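Worksheet: the structure to be examined is printed underneath.
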């Protein structure tokens with residue numbers, strides 16, 4: 001498994017590039033084929049080894065020390081990690097007040113009808129599953145979800161029409177980008193949960209990358225930190 005990479009560091013926080021395929025923190029041990037508990041490495045494991053001060057930071061430092069926001073396992077890209085409790089409170093407030101701007105790159109099937117637009121559709125949790133839905137009549141934990149997107153370019157991979165899009169979620173719902181893009185008929189390439197079970201394009205994970213994050217720092221500056229598209233995704237769209 002590839003380790004995260006530190007791309008920006010101050011005394012009270014880090015910004016890392018998380019690789020695709022790495023979970024942020026464990027909910028429970030995964031089971032191996034012989035039925036025994038098998039520890040799956042996570043961003044948290046890497047953090048507490050490299051930056052032990054985060055062990056006491058966060059709302060739940062026993063389970064997810066230093067974690068103020070998350071990315072899906074198969075989503076790569078930038079994450080902010082507070083190193084002190086004061087920084088954690090600072091960044092938690094920024095997320096709650098929507099003062100942090102995030103930008104993602106996604107490869108989707110087809111081309112959105114509008115080259116630039118906003119998807120404003122609440123998202124809830126399907127009863128009895130971990131799958132999110134915009135059909136919220138019988139869903140649980142329904143919350144506002146707003147996603148801005150813009151088509152960067154449209155082309156074809158082995159004859160399959162696709163579009164590279166830049167996405168800026170105004171809210172931070174679980175699976176928000178994946179759900180909203182599927183809603184407009186352009187599911188994320190590689191996403192078998194909200195898109196095609198059998199993909200038309202061979203890819204090991206969903207093509208979704210947290211490209212950049214912009215925020216005010218505890219010291220009073222405003223910065224933007226970016227992470228390059230990783231080789232497995234960049235190679236697909238060369």
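Quickly run through the stretch 104-119 and pick out the residues that are surrounded by fewer than 20 Cβ atoms within 10 Å (Cβ to Cβ) and either in contact with a helix residue (DSSP H, G or I) (Cβ under 9 Å, 6 or more places away or on another chain) or in the same structural domain as residue 6 (by TED's automatic domain parsing) (or both).
112
Can we say residue 177 is in contact with a strand residue (DSSP E or B) (Cβ under 8 Å, 6 or more places away or on another chain), on the phi < 0 side of the Ramachandran plot and surrounded by fewer than 18 Cβ atoms within 10 Å (Cβ to Cβ)?
no
Please give the number of the condition residue 58 fails out of (1) part of a helix (DSSP H, G or I); (2) in contact (Cβ under 8 Å) with a residue 24 or more places away in the chain; (3) more than 24 Å from residue 179 (Cα to Cα).
(1)
Mind listing whichever residues of the stretch 125-139 are surrounded by 11 or more Cβ atoms within 10 Å (Cβ to Cβ) and more than 30 Å from residue 152 (Cβ to Cβ)?
Once the filter is applied, which keeps residues that are surrounded by 11 or more Cβ atoms within 10 Å (Cβ to Cβ) and more than 30 Å from residue 152 (Cβ to Cβ), the stretch 125-139 yields 125, 126, 136, 139.
Looking at (1) at positive phi; (2) within 20 Å of the chain's Cα centre (by Cα), which one does residue 207 not meet, given that it meets all the others?
Going through (1) at positive phi; (2) within 20 Å of the chain's Cα centre (by Cα) one by one, residue 207 breaks only (1).
Can you name every one of the strands (runs of 3 or more DSSP E) wholly within the stretch 134-238 that holds 3 or more residues which are modelled with pLDDT under 95?
In the stretch 134-238, the matching strands (runs of 3 or more DSSP E) lie at 140-143.
Since residue 146 meets every condition but one in (1) surrounded by fewer than 13 Cβ atoms within 10 Å (Cβ to Cβ); (2) within 20 Å of the chain's Cα centre (by Cα), which condition does it not meet?
(1)
The values are calculated or read from the model by the stated rules, or taken from the named source; none is laboratory data. Since the model is a prediction, treat every value here as computed from it, not as a measurement. Counting neighbours? That spans all protein chains shown, and the Cβs are built from the backbone with ideal geometry, glycine included.
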